[in-house]
Amino acid sequence: MAVVKGLIEVASNAVLDVLVRDVAAPEGPARDGWGANVQLLAKPVEVALGGCGAAAAYILGRLGQRVCLNTNLGADSWGQLLSSWLQQAGVEVRPSSFKDTAVHLIQLSPEGKRRSYYYTGEKVIWERSLEGTVPEWYLAAGYGKVDVTDLGELGRVFARMRQRGTQVVFDPGPWFKDRVKAADMLQLWSQVDCLVATEEELQSWHPAGDAQALAAQLLQQGPRQVVVKRGKEGAVCAGEAGVKALPTTPVEGANTVGAGDTFNGRLVFGLCQGEGLEEAVRAALQLATQAVRNGRGVLGALG
C-alpha cells in the first residue's frame, strides 16, 4: 500500500482530565457525613481532554491536519464526551470495543502542588495502527499502562511502518521507567525517525551532562532527529543541522496540563508540513506556551 501524503496517525491513550484548583491539604481523618471533611471550592471544577494520544490528535485536527487516532476510548459517558471533542476537531477515531474510559483527577493546592488519582483505562492495541491506510507520519507515546509487552509491540509496529515508508515520532514519556530494560528501550529508539521527550525522561535512560550533550549523544543511538523538552527552559533539538537550544517565555504559576501534548502535536504537524526541525520546534514551543497561558489544556491552545 502506498503512503497517504498528509495523513498522520497518532497512537496512545485518551483520558478525561478533571482539575480541582486551590485544594488545601486535608486535616484529620476522613469521616462519613457532612462537616469539617468538606472543602467548599472557590473555583469551578474544570474538565479537559487529556491523554498523550487524544490530546496530540486534537491539536493536529484543530490545525487542519488529517489525523487518525488509535486509542483506548471507552463506550461510557466519559468516552462519549471525549469523542465529541475529537469529532469537532475533525479527528478520525479508529473503532474500538473498550468499555471504560480513563479518568485522571488532578488536585492543585493554592501553591500549585499537584496530587492526582488516575484510572488508566484499558490498553491501547498498537497493532491496530497497521490496519488500513498507511500514514505519512506516525506519532506514538507511552502512557500509564505500558509495560514490557508494549515495548515489543511498538518495535514491531515501528519496523512495519518504516518499511511501508512512514516516518515515526516517539515520545516514551515517564511510564516505561522501571518496567523495561534500558538496553531494550535504546534498541527501540534505533527504529525511530524523531525521538521527543522531556530532559528528565531521557536522562533516565541515557545520562548525559546537559540537554545539548544528551541530544547529541542520542543521535548516535539511531534517531535522525532528537527533541528534548525542557519546560519553561524551552527545548533542545538535534539533527543534520547540529544541536540547537531554543528558549521559550515562562508563564509563572500557570497550569501546565496539556503543554507537552500540545508541543508534540504542533511538532509533528510542522514536520509533516515540510518545516525544518528548528522551525517546527520553535512553533511547538509557542503553541505550548499559549496552551499554558490560556489554562484549559489542549482545548484552549488554539483559542
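The values are calculated or read from the model by the stated rules, or taken from the named source; none is laboratory data. From a predicted model like this one, the values you see are computed outputs, not experimental measurements. Note that we place each Cβ from the backbone using ideal geometry, even for glycine, and neighbour counts take in every protein chain shown.
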Exercise. Determine the pairs where a residue that is farther than 17 Å from E127 by Cβ and hydroxyl-bearing (S, T, Y), located within segment 69-86, has a partner that is modelled with pLDDT of 95 or more and outside any strand (DSSP E or B) with Cβ atoms under 7 Å apart, the partner being 6 or more residues away or on another chain.
Key: S83/L73
Self-check item: Residues satisfying the stated conditions in segment 77-100, i.e. among the aliphatic types (A, V, I, L, M) and surrounded by fewer than 18 Cβ atoms within 10 Å (Cβ to Cβ)
Solution: L81
Exercise. Please indicate, with yes or no, whether at least one residue in segment 106-115 is surrounded by fewer than 17 Cβ atoms within 10 Å (Cβ to Cβ) and within 18 Å of the chain's Cα centre (by Cα).
Key: no
Quiz item: When the residues of segment 265-285 are filtered to those that are under 25 Å from V18 (Cα atoms) and without any contact (Cβ under 8 Å) to a residue 60 or more places away in the chain, which remaining residue is surrounded by the most Cβ atoms within 10 Å (Cβ to Cβ)?
Solution: A284
Quiz item: Failed condition for Q221, given (1) more than 30 Å from R293 (Cβ to Cβ); (2) at pLDDT 95 or above, with all others met?
Solution: (2)
Exercise. Could you tell me whether segment 209-224 includes any residue that is charged (D, E, K, R) and more than 16 Å from the chain's Cα centre (by Cα)?
Key: yes
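With segment 89-204 as the region, which strands (runs of 3 or more DSSP E) entirely inside it contain at least 2 residues that are free of Cβ contacts under 8 Å to residues at least 60 places away in the same chain and either touching a helix residue (DSSP H, G or I) at 6+ places or on another chain (Cβ under 8 Å) or under 19 Å from G50 (Cα atoms) (or both)? Write out each step before concluding.
Working: elements: 102-108, 114-119, 134-141, 167-171, 194-198.
Here the list reads 114-119, 167-171, 194-198.
Give segment 103-132 a look and list any residue that's among the β-branched types (V, I, T) and at pLDDT below 95, or say none. Give the derivation first.
At the first step, the residues of segment 103-132 found to be among the β-branched types (V, I, T) are 103, 106, 120, 124-125.
Across segment 103-132, the qualifying residues are I106, T120.
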Quiz prompt | Failed item, numbered, when A208 is tested on (1) outside any loop (DSSP other than H, G, I, E, B); (2) crowded, with 16+ Cβ neighbours inside 10 Å | solution = (1)
Quiz item: Name the residues in segment 137-152 that are within 19 Å of the chain's Cα centre (by Cα) and surrounded by 14 or more Cβ atoms within 10 Å (Cβ to Cβ), would you?
Solution: W137, Y138, L139, A140, A141, G142, Y143, G144, K145, V146, D150, L151
Practice problem: Look at segment 244-264 and say how many of its residues are touching a Gly at 6+ places or on another chain (Cβ under 9 Å), touching a residue at least 40 places away in the same chain (Cβ under 8 Å) and outside any loop (DSSP other than H, G, I, E, B). | Solution: 3
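Look through segment 125-136, keep the residues that are in contact with an Asp or Glu (Cβ under 8 Å, 6 or more places away or on another chain) and surrounded by 16 or more Cβ atoms within 10 Å (Cβ to Cβ), and return whichever of them is nearest to G253 (Cα to Cα). Walk me through how you get there before you give the answer.
Narrowing segment 125-136 to residues in contact with an Asp or Glu (Cβ under 8 Å, 6 or more places away or on another chain): 126-127, 129, 135.
When the remaining residues are screened for being surrounded by 16 or more Cβ atoms within 10 Å (Cβ to Cβ), the result is 126, 129, 135.
Values: W126: 36, S129: 38, P135: 39 Å.
My answer is W126.
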